[in-house]
Amino acid sequence: MTLDIERLGRRAEAMLDELAAISEEPDRLTRRFLTPEHKRAAHLVGRWMQEAGMVAAEDALGTVRGHYARDGEPEGANRVPRLLIGSHIDTVLNAGKYDGMLGVVAGILAVEHFRDQNQRFPFAVDVLAFGDEEGSRFPTVLSSSAATAGAFDTAWLKGVDRDGISLEKAMADYGLDTAAVGTAALTQEEALAYVEVHIEQGPVLEHGDLPLGVVTSIAGQNRTRVNVRGVAGHAGTVPMTLRQDAYLAAAEMALAAEAIAKAHPDDAMVATVGTIKVMPGAVNVIPDHVEFVLDLRAASDAPRAKALKQFIAKAEAIAAARGCSMTHDTYHDCPTAACAPWLQDGLTQSLDSLGLKAPKLVSGAGHDGQSMAKITDFAMLFVRCKGGISHNPAEFATVGDMGLAVAALIKFVEGFDPAKRG
């Protein structure tokens, strides 16, 4: 049958608007992992899944799972081979409404189409709505999808948010049992593949006037927490030459990280200090303690590991020269993840069937596919976004492009053949 691209896009837009209305803040979109707003969004997504013909439930990490049974599947069957479609419903602070949510909505709309056409497959289809992809609350990233992949680290439970609430307590407050985390894991036999629809978060597709693209890999990344300690003093009485200013040491370290990343253009390396805490935080006191996080990413792992070592050595030298001390903790180290060629081919064929080109792109942003790669092959379909803007209220994808993305996902599932796995 002919797919109604406009209708699919408008349905996606309406659902995204409804999700975006669920926020911790009245004047901007912020929805962090395991907050009451996350729970409200999860319940809404679960309702949509049920309305689309799926059985919906939340796992031990709050991931919403919709199950569309395979052809001939007996009621109540478990350990069924399934194609996984997913993304996340948590956001950064002051977010846009497309990042993550579009992938969840696209999966639901695809299954809704199959239900309407009375289509079943030799495999089940599960739509997953993860809750901790952004890492905007706890010192964890991808913990929801890590649990699904059987790679959850129980040490994460002790991590605390900015209010001192641990992940363990937040899970209990949400109504989750920390002792049941292991039950969230799927096996390699169950997980046939994982595919995700996501806005590009970059300008390549827009520059090429192309609505969709096929991802080849996701860049690896480190997140390293750095603590710099100096000596507090009166802002008016301590001469500049005698100061042990922790903030100036940290600022110089951030510039060093920038220089190191710029020296690796062939590796698409980027370095970002996006969060910094200055203490004691008084206008007339020289800072004696600064904490910041370095986010370091690259298209391959060896240069990234080498760059991190270079940064640590340089930061230690900067601290010593300024009479300060420095400690560091790399709490997140996610390797580069390659998308499976056979799944890339499937996405390319789905775009071909819609008369679209299928450009290949590398993702500089992290995604749940990096976790899912631990148990199965994965692939991603990128959707053009205006100006390449993301993690920003100005984030935008057109109705037409979103409709094409849902249509491409439908075509992909219809052509999906687990026998093509290597």
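The values are calculated or read from the model by the stated rules, or taken from the named source; none is laboratory data. Only a predicted model underlies this, so the values are computations on that prediction, with no experimental measurement involved. When we count neighbours, we look across all protein chains shown, and the Cβ atoms used for this are built from the backbone with ideal geometry, even at glycine.
What the table shows:
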quantity	calculated
Condition check for Leu142: on the phi > 0 side of the Ramachandran plot and either at pLDDT below 95 or surrounded by 24 or more Cβ atoms within 10 Å (Cβ to Cβ) (or both)	yes
Test: residue in the range 272-290 that is touching a residue at least 12 places away in the same chain (Cβ under 8 Å) and either touching a Ser or Thr at 6+ places or on another chain (Cβ under 8 Å) or within 14 Å of Ala321 (Cα to Cα) (or both)	no
Test: residue in the range 222-230 that is modelled with pLDDT of 95 or more, on the phi < 0 side of the Ramachandran plot, among the small types (Gly, Ala, Ser) and not assigned by TED's automatic domain parsing to the domain that holds Ala365	yes
Per-region count, the range 145-161, residues surrounded by fewer than 20 Cβ atoms within 10 Å (Cβ to Cβ) and touching a residue at least 12 places away in the same chain (Cβ under 8 Å)	7
From Ala315, Ala256, Ala282, residue being of a type in the set (A, V, I, L, M) and touching a strand residue (DSSP E or B) at 6+ places or on another chain (Cβ under 6 Å)	Ala315
Qualifying residue in the range 399-415 (condition: in a loop (DSSP other than H, G, I, E, B) and of a type outside the set (Lys, Arg))	no
Contacts under 6 angstrom Cβ, first residue in the range 317-342 being at pLDDT 95 or above and in a helix (DSSP H, G or I), partner among the acidic types (Asp, Glu) and surrounded by 15 or more Cβ atoms within 10 Å (Cβ to Cβ), 6 or more apart	Ile318/Glu252
Failed condition for Thr178, given (1) polar (S, T, N, Q); (2) assigned by TED's automatic domain parsing to the domain that holds Lys97; (3) surrounded by fewer than 13 Cβ atoms within 10 Å (Cβ to Cβ)	(3)
Qualifying residue in the range 116-128 (condition: under 18 Å from Lys374 (Cβ atoms) and at pLDDT 95 or above)	yes
Residue match in the range 350-371 (condition: in contact with a Pro (Cβ under 8 Å, 6 or more places away or on another chain), surrounded by 21 or more Cβ atoms within 10 Å (Cβ to Cβ) and at pLDDT below 95)	yes
The listed residue being modelled with pLDDT of 95 or more and more than 23 Å from the chain's Cα centre (by Cα), out of Phe416, Phe396, Phe378, Phe382	Phe416
Residue that is nearest to Gly100 (Cα to Cα) [pool: residues in the range 347-398 that are polar (S, T, N, Q) and in a loop (DSSP other than H, G, I, E, B)]	Ser390
Criterion (under 28 Å from Arg162 (Cα atoms), over 26 Å from the mean Cα position of the chain (by Cα), among the acidic types (Asp, Glu) and not in a strand (DSSP E or B)) met by exactly one of Glu258, Glu252	Glu252
Qualifying positions in the range 204-230 - more than 13 Å from Lys357 (Cα to Cα), part of a strand (DSSP E or B) and not aliphatic (A, V, I, L, M)	Thr216, Ser217, Gly220, Gln221, Asn222, Arg223, Thr224, Arg225, Asn227, Arg229
Spans of strands (runs of 3 or more DSSP E) in the range 35-130 with at least 1 residues surrounded by 24 or more Cβ atoms within 10 Å (Cβ to Cβ) and assigned by TED's automatic domain parsing to the domain that holds His198	64-68, 82-88, 124-130
